[in-house]
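A short worksheet on the structure shown next.
The values are calculated or read from the model by the stated rules, or taken from the named source; none is laboratory data. Not measured: the values here are computed from a predicted model. Please note: Cβ atoms are built from the backbone with ideal geometry, for glycine as well, and neighbour counts cover all protein chains shown. Side chains are part of the model used for accessible areas, which takes the heavy atoms of the whole protein and leaves out ligands, DNA and RNA. Shrake-Rupley method; radii C 1.70, N 1.55, O 1.52, S 1.80 Å.
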Amino acid sequence: MDTVVIKPAPSAPAPFSAPLRKLYFLRFAFAVAWAALLFATADTLGPLSGTLLVLYPLFDAACAVVDLRSTRATGGAAARLWVNVGLSTLTGIALGVALASGIPAVLRVWGVWAVTAGIAQLAVALVRRRTGGQWPMIVSGAISTLAGTSFFLQAGKDGATLTNLAGYAFLGGVFFLASALRLGSANRND
């Protein structure tokens, strides 16, 4: 009698996870650098802080496009990534307009974006959870929705600052790093 051993298919094929891992490392590096620059300029809305604020969601949109192309995302993940591209692009434009109204307006726009982008990130991560390395993205998406609500509420208080946005970006970067490391671990286990 012959024994047949059936090996389960790998959960995260290297062609999918390798580009995603590189993208997550890039997003970590960008978030850390961006957070440091914004933290240094967070007291006022000047040319540098304004540029940084508009740049962040546009970078997010560009990363979603790279994700779509490099991972050849299909089905639910692709639709959710396209939603993120649209939301982030519109947010970049809205932030450019909000800059003229001051920090509270910026915090409101950022807050709405953090909630919607967090939901989109959570949705993509849930679709991809079987590929490995997505739990940090699930947690990050959930935290982003809570943080966005907090930014929106902070906008109505006296002395609102942009400092918390730097912390938000830094924490998001740490979650991208954790996910990249978990994707690497999933590849070694296959």
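Data overview
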item: In segment 87-103, the residues that are under 14 Å from the mean Cα position of the chain (by Cα) and surrounded by fewer than 16 Cβ atoms within 10 Å (Cβ to Cβ); result: none
item: Test: residue in segment 85-99 that is under 19 Å from Phe152 (Cα atoms) and not in a helix (DSSP H, G or I); result: no
item: Residue within segment 59-76 that is open to solvent by 10 Å² or more (accessible area, probe 1.4 Å), within 22 Å of Phe25 (Cβ to Cβ), within 14 Å of the chain's Cα centre (by Cα) and free of Cβ contacts under 8 Å to residues at least 12 places away in the same chain present; result: yes
item: Condition met for Gly184 (closer than 26 Å to Leu20 by Cα and over 17 Å from the mean Cα position of the chain (by Cα)); result: yes
item: Total residues in segment 29-57, condition part of a helix (DSSP H, G or I) and open to solvent by 70 Å² or more (accessible area, probe 1.4 Å); result: 7
item: Count - residues of segment 22-74 that are at pLDDT below 95, over 24 Å from Gly96 (Cα atoms) and not acidic (Asp, Glu); result: 10
item: Verdict on Ala147 being in a helix (DSSP H, G or I), closer than 28 Å to Thr44 by Cα and open to solvent by less than 50 Å² (accessible area, probe 1.4 Å); result: yes
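Listed here are the residues, each with its yes/no results for (1) closer than 18 Å to Leu26 by Cα; (2) crowded, with 22+ Cβ neighbours inside 10 Å; (3) touching a helix residue (DSSP H, G or I) at 6+ places or on another chain (Cβ under 8 Å).
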site	(1), (2), (3)
Ala105	no, no, yes
Trp110	no, yes, yes
Leu122	no, no, yes
Val127	no, no, yes
Pro136	yes, no, yes
Lys157	no, no, no
Ala160	no, no, yes
Leu177	yes, no, yes
Arg182	yes, no, yes
